[in-house]
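The values are calculated or read from the model by the stated rules, or taken from the named source; none is laboratory data. It should be emphasised that the depicted structure is a prediction, and the values quoted were computed from it without experimental measurement. For neighbour counting, all protein chains shown are included, and Cβ atoms are generated from backbone atoms with ideal geometry for every residue, glycine included. Heads up: the accessible areas ignore ligands, DNA and RNA and are worked out on the full protein's heavy atoms, side chains in. Shrake-Rupley method; radii C 1.70, N 1.55, O 1.52, S 1.80 Å.
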Amino acid sequence: MAEMEMDILQGIIGAVVFQNYDNGYAVLRLNCENGQAVTVVGTIPMPSVGERLMVTGKWSNHSSYGKQFEAEFLERLMPQTAKDILQYLSSRAVKGIGPKLAARIVQKFGDQALTVMEREPERLAEISGISAAKAQAIGESFRLQVGMRQLMEFFALHQLPAELAVKTYKMYGEQAIDLLYDDPYLLMDEQLEAPFGAVDRFAIALGISADDHRRVEAGILFELQYNLTAGHVFLPEDKLLAATSQLLSVGNDVVAGCIEALLEIGKLQKDTLAGITVIYLDRLYEAEVYCCRRLKEFASVRFPIPTALERKLKRAADDSHVEYSQAQADAIREAAASGLLIITGGPGTGKTTITQGILSLYGQLGLKTLLCAPTGRAAKRLTEVTGQEASTIHRLLGAGIDPHTGKLFFAKDQQDPLKADAIIVDETSMVDIELMYCLLCAIRPGTRLILVGDPDQLPPVGPGFPFSDMLRAGILPAVRLTEIFRQAQQSLIVMNAHRVNQGIMPELKNVKSDFFFIPVRSEEQAAQTIAGLCATRLPNNMGIPSDQIQVLTPTKKGGAGTYELNRVLQQSLNPAAPGKQEKKFGEIIFREGDRVMQIRNNYDILWKKADGTIGAGMFNGDVGIIQSIDTDSEIVTVQFDDRQAAYDFTELNELEPAYAMTVHKSQGSEYRAVVLSAWGGSPYLLSRSVLYTAITRARTLLVIVGREDTIGAMTQNAKVGRRYTGLKLRLQEK
């Protein structure tokens, strides 16, 4: 059968019907030169009304939308006439230019307007109302857009993800295409987070051979980098050889030779642990070895017992209006003399009481103490329970992005350490080996270090499990709290958390408690029940406002996962209304009043506080409310507690709805009420640690909606994915 013949259309974009910012797919109305209006579909990144396109493709008949033109290739032809340029600029194709300003620019420069913007942007300041700074900003935005679109078209041609083009352009600029022709595996830089399969297909299409050292070395580094997401700090050499050989379809000898080459230039490190040869990425090896050395140094320090310690202990108890148990008093005494102390225990065992007692004691000793936690929510909760300002670890260390490399750096390190006599870290179970390394780098010798956490909760998202390794090593000073206090025993949330942790089915029948179970027969019924609980039942019957209820679920997919629950909850809690602005981004509708979450660390996003303080950096897990959506300036403003951040429409992939979130995303947070969806999912997600973590997120009320057999399966599933980490063994070495 002969291939369908290609046609060529040329015309001006009259309307953008749909566009997906993630993959570049768009549906356009193209006004052709013959006067015909045609629906064009395909990968057309960043289309703008008024743009002139030359599109090569073929005709098709869609069952729902009728005749349309499927674009295979396209060439952008910048508008030439003043009329077309005005239409193009009026569509807000260039950031900072709306219809009124577009008219003034075209009135001034006519059909040379785009040439001026690209080559002589300073001349825009000749127009009243445009400052020199704004003129330069418009010029930079236009040049960036032109370069970005060229790169996105190049990526689309080679079936590379459109969203990767933005990161690549920021890293390599106008030289990106030339550099990638020279070495396509530059895309495997970890900052770009490129999919190896797509990059590898691109490289092979350019003629890179299967056993080319660049390909094999990129494959080795990819395997190690990919396994960081599973929590592994290293891989055994034989597993790395086998995995890379299978990935690339090359022999073990070829992979072994490239491992040696990477070891020689310092990108990898080799070591032997428990008789097994293991391979690390260089920075992970440095992080683990350094953490081991510093932890031992802190643990080796003993301070003199403070004078009148018992009197100070009594004052600490009086300040908190508590009476310490023997174990709690012993823990605070140990904190008075130890350079390092680990405090661990489940809910209701008094970790917070001890933290407050240590703070009081250190205050009486005149010690400057800093408080921190891995997430913004955990830091906020630490501030609330102690009455002392706490910050995230990232903010404490002065996280930022190096403008030259685009990589994360911390202002606080060995050269400029934290000015403190003591540091208390809460929710330490969430801290991975790399963040632990950065924190320890910034702490001066002689500083007291208190690490508080619960190792039975979910492990860190990043590589390693330092908190668990420290405890299991058995050589560092640690206090394990096991007694559940009488007040906590009145809470079924607390008691059921401990039951689950011991592999015992939680009590589900008690209807006069703070822990309820509602059985449902389908995912759809689960979603509707959860929506009803959040919208009316809990606010009306329990007096808990909807904004103090958090829905959690083990999974993203399915009728009872986050994607569907967020859609249903948005309809119930924040439906569309006249005057309420919204913005469709991919499959998500963002609406004023929506609860949203930042889903990755981004150190470039600017924020400001009510007092005028300005800073940068939003962090994975930060939750806020959309205050406004400005379609003219293409800005979404989100209020995060005391900070307000502005997101350009192109940055909305940084956010996702947060009416419902995964249990993993809730780590370090505490909510007045939690509604847990427990329907189904993979055994990896339906685990004891996931259920335990979900239960311990609720402060006053927990409602589980789902199936009893799912809760039973989670309680019994104690399997924890094995992580390759060497910190425990290193700590135990003499």
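By a 1.4 Å probe calculation restricted to protein chains, Leu685 has an accessible surface near 40 Å², given to the nearest 10. One chain, two ends: Ala411 and Lys608. Fully extended at 0.36 nm per residue, the span grows by 68.9 nm beyond their Cα-Cα distance. Here Phe222 sits with roughly 50 square angstrom of accessible surface, probe radius 1.4 Å. Computed over neighbours whose Cβ is under 14 Å from that of Ser338, the net charge equals 0, Lys and Arg +1, Asp and Glu -1. Near Lys95, no amide H atom lies under 5 Å from its own; only residues 5 or more places off or on other chains count, and H is placed 1.01 Å from N. Each peptide in 75-83, 572-580 receives the mean, over its residues, of other Cβ atoms within 10 Å, and ordering these scores from highest gives 75-83, 572-580. With all protein chains in place and ligands, DNA and RNA left out, the 1.4 Å accessible area ranks Lys95, Lys270 as Lys95, Lys270, largest first. Computed log10 I(q)/I(0) for the stretch 567-642 at 0.16, 0.22, 0.25, 0.26 Å⁻¹: -0.65, -1.14, -1.33, -1.38, from the Debye equation with unit scatterers placed on every C-alpha and solvent omitted. Which lysines have a Cα lying under 26 Å from the Cα of Lys108, excluding residues fewer than 8 positions away in the same chain? Those lysines meeting the cut-off are Lys83, Lys95, Lys100, Lys134. Stokes-Einstein diffusion of the chain at 20 °C, 1.002 mPa s viscosity, Kirkwood radius from Cα pairs, rounded to a whole number: 74 µm²/s. All other residues whose Cβ lies under 9 angstrom from that of Asp454 are scored, Lys and Arg at +1 and Asp and Glu at -1, for a net of -1.
Once backbone amide H atoms are built at 1.01 Å from N, Ala678 has Val705, Gly706, Arg707 as its partners under 5 Å, excluding neighbours fewer than 5 places away on the same chain. Other residues lying with their Cβ under 14 Å from the Cβ of Lys412 contribute a combined charge of +1, Lys and Arg counting +1, Asp and Glu -1. Based on the Stokes-Einstein relation at 20 °C and a viscosity of 1.002 mPa s, and on the Kirkwood radius from alpha carbon pairs, the stretch 385-428 is assigned a translational diffusion coefficient of 175 µm²/s. Helices in the chain, meaning DSSP H runs of at least 4 residues, each add -39500 (n - 2.57). Divided by all residues, the mean residue ellipticity at 222 nm is -11000 deg cm²/dmol. Based on protein heavy atoms only, the chain ends up with 45 Å² per residue of surface accessible to a 1.4 Å probe. Using only C-alpha positions, report the orientation-averaged shadow area of the convex hull of the stretch 194-259, nm², one decimal. That works out to 4.2 nm². The phi-based Karplus calculation (6.51 cos²θ - 1.76 cosθ + 1.60; θ = phi - 60°) puts the 3J(HN,Hα) values of the stretch 376-388 at x, 5, 5, 5, 5, 5, 5, 4, 5, 7, 9, x, 10 Hz, whole numbers, x for Gly and Pro. What's the whole-number percent of alpha carbon pairs in the stretch 65-213 lying beyond 28 angstrom? Looking at the stretch 65-213, the distances longer than 28 Å represent 37 percent of pairs. Pairs to check: Lys380/Lys608; Lys239/Lys407; Lys557/Lys584. Give those whose C-alpha atoms are more than 25 Å from each other in this structure. Those over the limit are Lys239/Lys407. 3J(HN,Hα) along the stretch 325-338, derived from phi through the Karplus expression 6.51 cos²θ - 1.76 cosθ + 1.60 where θ = phi - 60°, amounts to 6, 4, 5, 5, 4, 5, 5, 5, 4, 5, 5, 5, 10, 8 Hz, with x in place of Gly and Pro.
Its Cα gyration tensor gives the stretch 387-502 an equivalent ellipsoid. The semi-axes, each the square root of 5 times an eigenvalue, are 31, 16, 15 Å from largest down. With coordinates expressed along the principal axes, the C-alpha atoms belonging to the stretch 221-268 extend over 27, 24, 15 Å, beginning with the largest. Classify the stretch 513-630: rounded, prolate or oblate, from the alpha-carbon gyration tensor (a ≥ b ≥ c, eigenvalue square roots; a/c under 1.5 rounded; otherwise prolate if a/b is larger than b/c)? Judged from the Cα gyration tensor, the stretch 513-630 comes out prolate (a/c at least 1.5, a/b above b/c). The distance between label points at Glu286 and Glu260 comes to 2.6 nm (points 7 Å beyond Cα on the Cα→Cβ vector). A straight line joining the Cα centroids of the stretch 686-734 and the stretch 259-338 runs 24 Å.
In the structure displayed, which of Lys368/Lys419; Lys296/Lys719; Lys368/Lys412 lie more than 19 Å apart, Cα to Cα?
Lys296/Lys719
Expressed as a whole percent, the accessible surface of the chain that belongs to carbon and sulfur atoms is 50, based on a 1.4 Å probe.
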